[in-house]
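Written out below as C-alpha coordinates is the structure these notes cover.
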Amino acid sequence: MNPVLFENVSFAYDTDPVFSELSIGLPPGVISLMGPNGVGKSTFLLLASGRLLPGKGKVLLEGKDTATLDEREKNRLCSLVYQNMEFENEEPLGELLDFVFSQGFLDQKNDTFLRSVTANFELDGLLTRKTQALSKGEMQRAVMAFSLLYGSRVVVMDEPVFALEDQQKRRALGFLTEYARTSGVSFLYSAHEMDLTRDYSDQVLLFAKERPPIMGTEKEILTREVLEEAYQVPYILLHQKERLFRSTLLQQAEK
(Lines give C-alpha, C1' and ligand atoms only; values in the text may rest on other atoms or scores of the structure.)
Protein backbone atom coordinates (compact mmCIF):
# COMPACT_ATOMS: atom_id res chain seq x y z
CA MET A 1 0.00 0.00 0.00
CA ASN A 2 1.16 3.51 -0.76
CA PRO A 3 1.55 5.48 2.50
CA VAL A 4 0.42 8.57 0.55
CA LEU A 5 -1.74 8.47 -2.56
CA PHE A 6 -3.06 11.43 -4.58
CA GLU A 7 -6.12 10.62 -6.70
CA ASN A 8 -6.98 13.30 -9.29
CA VAL A 9 -6.09 16.05 -6.83
CA SER A 10 -6.66 19.68 -7.76
CA PHE A 11 -5.73 22.51 -5.41
CA ALA A 12 -5.57 26.29 -5.73
CA TYR A 13 -4.99 29.30 -3.50
CA ASP A 14 -7.95 31.51 -4.45
CA THR A 15 -7.59 31.60 -8.24
CA ASP A 16 -3.93 30.55 -8.32
CA PRO A 17 -3.80 26.83 -9.24
CA VAL A 18 -1.03 24.68 -7.77
CA PHE A 19 -2.07 21.17 -8.85
CA SER A 20 -4.57 20.03 -11.46
CA GLU A 21 -5.84 16.43 -11.44
CA LEU A 22 -2.60 15.15 -9.94
CA SER A 23 -2.46 11.39 -9.44
CA ILE A 24 0.63 9.93 -7.83
CA GLY A 25 1.40 7.25 -5.25
CA LEU A 26 4.37 7.50 -2.92
CA PRO A 27 6.03 4.20 -1.99
CA PRO A 28 7.20 3.38 1.54
CA GLY A 29 10.62 4.58 2.63
CA VAL A 30 12.40 7.92 2.46
CA ILE A 31 11.35 10.34 -0.28
CA SER A 32 13.08 13.65 -0.88
CA LEU A 33 11.19 16.50 -2.57
CA MET A 34 13.28 18.77 -4.78
CA GLY A 35 12.65 21.59 -7.21
CA PRO A 36 12.85 25.38 -7.53
CA ASN A 37 10.95 27.71 -5.22
CA GLY A 38 7.26 28.31 -5.84
CA VAL A 39 6.40 25.03 -7.58
CA GLY A 40 4.25 23.44 -4.86
CA LYS A 41 6.59 21.39 -2.63
CA SER A 42 5.29 22.83 0.66
CA THR A 43 1.68 22.63 -0.56
CA PHE A 44 2.23 18.99 -1.54
CA LEU A 45 3.53 18.21 1.96
CA LEU A 46 0.55 19.94 3.58
CA LEU A 47 -1.85 17.97 1.39
CA ALA A 48 0.01 14.72 2.00
CA SER A 49 -0.23 15.22 5.76
CA GLY A 50 -3.91 16.19 5.68
CA ARG A 51 -3.25 19.72 6.95
CA LEU A 52 -4.69 21.03 3.69
CA LEU A 53 -7.56 19.36 1.84
CA PRO A 54 -7.81 19.23 -1.96
CA GLY A 55 -10.40 21.25 -3.81
CA LYS A 56 -11.11 18.20 -5.93
CA GLY A 57 -10.01 14.58 -5.74
CA LYS A 58 -8.70 12.64 -2.73
CA VAL A 59 -5.53 12.30 -0.73
CA LEU A 60 -5.25 8.91 0.96
CA LEU A 61 -3.00 8.67 4.01
CA GLU A 62 -2.28 5.07 4.96
CA GLY A 63 -5.33 4.19 2.86
CA LYS A 64 -7.69 6.69 4.55
CA ASP A 65 -9.21 9.78 2.93
CA THR A 66 -7.72 12.79 4.73
CA ALA A 67 -11.05 14.61 4.41
CA THR A 68 -12.65 12.06 6.75
CA LEU A 69 -10.03 12.08 9.52
CA ASP A 70 -10.42 13.81 12.86
CA GLU A 71 -7.37 15.50 14.42
CA ARG A 72 -6.32 12.56 16.60
CA GLU A 73 -6.47 10.07 13.73
CA LYS A 74 -4.67 12.50 11.44
CA ASN A 75 -1.89 12.94 14.01
CA ARG A 76 -1.67 9.20 14.59
CA LEU A 77 -1.12 8.61 10.91
CA CYS A 78 1.14 11.55 10.13
CA SER A 79 3.40 13.99 11.99
CA LEU A 80 4.34 17.27 10.31
CA VAL A 81 7.58 19.17 10.89
CA TYR A 82 7.26 22.70 9.56
CA GLN A 83 10.24 24.74 8.46
CA ASN A 84 11.47 27.11 11.17
CA MET A 85 9.08 25.94 13.89
CA GLU A 86 8.86 27.93 17.14
CA PHE A 87 6.81 27.54 20.30
CA GLU A 88 7.12 28.43 23.95
CA ASN A 89 6.55 26.10 26.86
CA GLU A 90 7.08 26.21 30.60
CA GLU A 91 8.34 22.64 30.83
CA PRO A 92 11.98 21.86 29.99
CA LEU A 93 12.77 19.95 26.83
CA GLY A 94 13.49 16.69 28.65
CA GLU A 95 10.00 16.62 30.16
CA LEU A 96 8.44 17.41 26.78
CA LEU A 97 10.31 14.53 25.14
CA ASP A 98 9.12 12.17 27.89
CA PHE A 99 5.53 13.41 27.53
CA VAL A 100 5.43 13.05 23.74
CA PHE A 101 6.93 9.57 24.04
CA SER A 102 4.45 8.45 26.72
CA GLN A 103 1.41 9.88 24.93
CA GLY A 104 2.34 8.78 21.41
CA PHE A 105 1.40 5.80 19.30
CA LEU A 106 4.48 3.58 19.35
CA ASP A 107 3.55 -0.05 19.98
CA GLN A 108 6.64 -0.69 22.04
CA LYS A 109 7.98 2.01 24.33
CA ASN A 110 11.31 1.59 26.03
CA ASP A 111 13.92 3.94 27.40
CA THR A 112 16.52 2.60 24.97
CA PHE A 113 14.72 4.14 22.00
CA LEU A 114 14.16 7.41 23.87
CA ARG A 115 17.86 7.63 24.72
CA SER A 116 18.85 6.75 21.15
CA VAL A 117 16.66 9.50 19.68
CA THR A 118 17.90 12.03 22.23
CA ALA A 119 21.53 11.18 21.52
CA ASN A 120 21.28 11.07 17.72
CA PHE A 121 19.63 14.49 17.57
CA GLU A 122 22.25 15.81 20.03
CA LEU A 123 19.75 16.88 22.68
CA ASP A 124 21.42 15.47 25.81
CA GLY A 125 22.87 18.83 26.76
CA LEU A 126 19.59 20.67 26.21
CA LEU A 127 17.18 18.67 28.37
CA THR A 128 16.90 21.26 31.15
CA ARG A 129 16.27 24.18 28.80
CA LYS A 130 12.88 25.50 27.70
CA THR A 131 12.03 25.56 24.02
CA GLN A 132 12.10 29.37 23.84
CA ALA A 133 15.76 29.23 24.90
CA LEU A 134 16.75 26.93 22.01
CA SER A 135 18.46 28.13 18.86
CA LYS A 136 16.86 27.54 15.46
CA GLY A 137 19.01 24.48 14.83
CA GLU A 138 18.38 23.08 18.32
CA MET A 139 14.65 23.59 17.88
CA GLN A 140 14.66 21.79 14.53
CA ARG A 141 16.49 18.82 16.06
CA ALA A 142 14.04 18.74 18.97
CA VAL A 143 11.00 18.79 16.67
CA MET A 144 12.41 15.95 14.56
CA ALA A 145 12.89 13.98 17.77
CA PHE A 146 9.27 14.69 18.77
CA SER A 147 8.06 13.33 15.43
CA LEU A 148 9.82 9.99 15.93
CA LEU A 149 8.85 9.62 19.58
CA TYR A 150 5.20 10.32 18.77
CA GLY A 151 5.05 7.22 16.60
CA SER A 152 3.14 8.34 13.49
CA ARG A 153 3.38 6.00 10.50
CA VAL A 154 4.27 8.84 8.11
CA VAL A 155 6.49 11.81 8.96
CA VAL A 156 6.40 14.85 6.68
CA MET A 157 9.17 17.46 7.00
CA ASP A 158 9.54 20.81 5.24
CA GLU A 159 13.25 21.76 5.09
CA PRO A 160 13.91 19.97 8.41
CA VAL A 161 17.70 20.44 8.49
CA PHE A 162 17.99 23.98 7.12
CA ALA A 163 19.53 25.48 10.30
CA LEU A 164 21.83 22.57 11.13
CA GLU A 165 25.56 22.29 10.60
CA ASP A 166 26.66 19.88 7.87
CA GLN A 167 27.68 17.13 10.31
CA GLN A 168 24.35 17.48 12.16
CA LYS A 169 22.39 17.27 8.90
CA ARG A 170 24.04 14.01 7.97
CA ARG A 171 23.69 12.52 11.43
CA ALA A 172 19.99 13.44 11.60
CA LEU A 173 19.11 12.23 8.10
CA GLY A 174 21.23 9.10 8.49
CA PHE A 175 19.34 8.22 11.67
CA LEU A 176 15.97 8.89 10.01
CA THR A 177 16.91 6.76 7.00
CA GLU A 178 18.02 3.83 9.14
CA TYR A 179 14.92 4.12 11.31
CA ALA A 180 12.67 4.07 8.24
CA ARG A 181 14.26 0.86 7.03
CA THR A 182 13.94 -0.93 10.38
CA SER A 183 10.53 0.38 11.51
CA GLY A 184 8.50 0.71 8.31
CA VAL A 185 7.83 4.39 9.01
CA SER A 186 7.87 6.55 5.86
CA PHE A 187 9.54 9.96 5.65
CA LEU A 188 8.84 12.74 3.16
CA TYR A 189 11.17 15.71 3.34
CA SER A 190 11.97 18.69 1.16
CA ALA A 191 15.58 19.69 0.60
CA HIS A 192 17.62 22.03 -1.54
CA GLU A 193 20.91 20.16 -1.19
CA MET A 194 21.45 17.54 -3.87
CA ASP A 195 24.17 15.78 -1.90
CA LEU A 196 21.76 15.11 0.98
CA THR A 197 19.06 13.90 -1.39
CA ARG A 198 21.55 11.65 -3.14
CA ASP A 199 22.77 10.11 0.12
CA TYR A 200 19.55 9.97 2.17
CA SER A 201 16.57 9.04 0.02
CA ASP A 202 15.07 5.96 -1.57
CA GLN A 203 13.12 8.00 -4.12
CA VAL A 204 13.21 11.61 -5.35
CA LEU A 205 10.06 13.59 -6.18
CA LEU A 206 11.12 16.41 -8.51
CA PHE A 207 8.89 19.46 -9.00
CA ALA A 208 8.96 21.99 -11.83
CA LYS A 209 6.78 24.76 -13.18
CA GLU A 210 3.98 23.91 -15.59
CA ARG A 211 4.19 20.13 -15.22
CA PRO A 212 3.33 17.53 -12.56
CA PRO A 213 6.10 16.26 -10.28
CA ILE A 214 8.02 13.21 -11.44
CA MET A 215 9.46 10.46 -9.25
CA GLY A 216 12.36 8.07 -9.52
CA THR A 217 15.58 6.94 -7.89
CA GLU A 218 18.33 9.47 -7.35
CA LYS A 219 20.21 7.95 -10.29
CA GLU A 220 17.18 8.53 -12.52
CA ILE A 221 16.32 12.02 -11.28
CA LEU A 222 19.60 13.69 -10.35
CA THR A 223 20.95 13.82 -13.87
CA ARG A 224 22.05 16.87 -15.83
CA GLU A 225 19.19 16.66 -18.32
CA VAL A 226 16.40 16.12 -15.80
CA LEU A 227 17.63 18.78 -13.35
CA GLU A 228 18.19 21.42 -16.03
CA GLU A 229 14.63 20.89 -17.28
CA ALA A 230 13.22 21.33 -13.77
CA TYR A 231 15.32 24.27 -12.60
CA GLN A 232 15.66 26.00 -15.98
CA VAL A 233 19.33 26.83 -15.35
CA PRO A 234 22.55 25.18 -16.55
CA TYR A 235 23.64 22.24 -14.41
CA ILE A 236 26.92 23.95 -13.49
CA LEU A 237 24.97 26.76 -11.77
CA LEU A 238 22.77 24.52 -9.62
CA HIS A 239 25.32 24.11 -6.82
CA GLN A 240 25.83 27.87 -6.78
CA LYS A 241 22.06 28.34 -6.40
CA GLU A 242 22.09 25.80 -3.56
CA ARG A 243 24.80 27.74 -1.72
CA LEU A 244 22.88 30.99 -2.13
CA PHE A 245 19.65 29.40 -0.86
CA ARG A 246 21.37 27.86 2.17
CA SER A 247 22.99 31.21 2.94
CA THR A 248 19.58 32.90 2.87
CA LEU A 249 18.03 30.26 5.16
CA LEU A 250 20.87 30.56 7.65
CA GLN A 251 20.52 34.35 7.72
CA GLN A 252 16.81 33.90 8.49
CA ALA A 253 17.64 31.38 11.20
CA GLU A 254 19.98 33.80 12.92
CA LYS A 255 17.36 36.55 13.21
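The values are calculated or read from the model by the stated rules, or taken from the named source; none is laboratory data. None of these values were measured; they are calculated from a predicted model. Please note: Cβ atoms are built from the backbone with ideal geometry, for glycine as well, and neighbour counts cover all protein chains shown.
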Take Pro234 and tell me if it is within 17 Å of Val30 (Cβ to Cβ) and of a type outside the set (S, T, N, Q). no
When residues of the stretch 42-98 are limited to those that are of a type in the set (S, T, N, Q), in contact (Cβ under 8 Å) with a residue 60 or more places away in the chain and in a helix (DSSP H, G or I), the one farthest from His192 (Cα to Cα): Asn75
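Of a type in the set (Gly, Ala, Ser), surrounded by fewer than 22 Cβ atoms within 10 Å (Cβ to Cβ) and more than 17 Å from the chain's Cα centre (by Cα): is that true of Gly55 in this structure? Break it down into steps so the answer makes sense when it comes.
Details: of a type in the set (Gly, Ala, Ser): yes; surrounded by fewer than 22 Cβ atoms within 10 Å (Cβ to Cβ): yes; more than 17 Å from the chain's Cα centre (by Cα): yes.
So Gly55 fits the description; yes.
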Among (1) surrounded by fewer than 19 Cβ atoms within 10 Å (Cβ to Cβ); (2) outside any strand (DSSP E or B); (3) in contact with a Leu (Cβ under 6 Å, 6 or more places away or on another chain), Glu225 falls short only on (3)
Could you list, ordered by first residue, the pairs with Cβ atoms under 7 Å in which the first is in the stretch 132-160 and free of Cβ contacts under 8 Å to residues at least 24 places away in the same chain and the second is part of a helix (DSSP H, G or I), at least 6 apart or interchain? Glu138/Leu126
Which of the following residues is on the phi > 0 side of the Ramachandran plot and acidic (Asp, Glu): Glu138, Glu220, Glu210? Glu210
List pairs: first in the stretch 22-41 and free of Cβ contacts under 8 Å to residues at least 60 places away in the same chain and in a loop (DSSP other than H, G, I, E, B), second buried (at least 17 other Cβ atoms within 10 Å of the Cβ) and β-branched (Val, Ile, Thr), Cβ under 6 Å, 6+ apart or cross-chain? none
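Do you know which of the residues in the stretch 149-186 that are outside any loop (DSSP other than H, G, I, E, B) and among the polar types (S, T, N, Q) is farthest from Glu62 (Cα to Cα)?
Restricting to residues being outside any loop (DSSP other than H, G, I, E, B) and among the polar types (S, T, N, Q), the top hit is Gln167.
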Answer yes or no as to whether Val4 is β-branched (Val, Ile, Thr) and either surrounded by fewer than 19 Cβ atoms within 10 Å (Cβ to Cβ) or closer than 23 Å to Arg198 by Cα (or both). yes
Count, please, the residues in the stretch 1-21 that happen to be of a type in the set (A, V, I, L, M) and not in a strand (DSSP E or B). 1
With respect to Tyr189, determine if the residue is among the hydroxyl-bearing types (Ser, Thr, Tyr), outside any helix (DSSP H, G or I) and either at pLDDT 95 or above or over 20 Å from Leu45 (Cα atoms) (or both). yes
Among the candidates Val18, Val81, Val30, which residue alone is crowded, with 19+ Cβ neighbours inside 10 Å, closer than 30 Å to Lys219 by Cα and modelled with pLDDT under 95? Val81
From the list Ser116, Ser135, which residue is at pLDDT 95 or above and among the polar types (S, T, N, Q)? Ser116
Assuming Gly94 fulfils every condition listed in (1) touching a strand residue (DSSP E or B) at 6+ places or on another chain (Cβ under 6 Å); (2) modelled with pLDDT of 95 or more apart from one, which condition is it? (1)
Would you pick out the residues in the stretch 99-143 that are assigned to a loop (DSSP other than H, G, I, E, B) and acidic (Asp, Glu)? Asp107, Glu122
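Here's the yes/no breakdown for (1) closer than 20 Å to Ala119 by Cα; (2) buried (at least 18 other Cβ atoms within 10 Å of the Cβ); (3) of a type in the set (S, T, N, Q):
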site	(1), (2), (3)
Met139	yes, yes, no
Val143	yes, yes, no
Arg153	no, no, no
Phe162	yes, yes, no
Leu188	no, yes, no
Asp195	no, no, no
Just name the residue that is nearest to the chain's Cα centre (by Cα) out of those in the stretch 192-220 that are farther than 16 Å from Lys41 by Cα and in a helix (DSSP H, G or I). Leu196
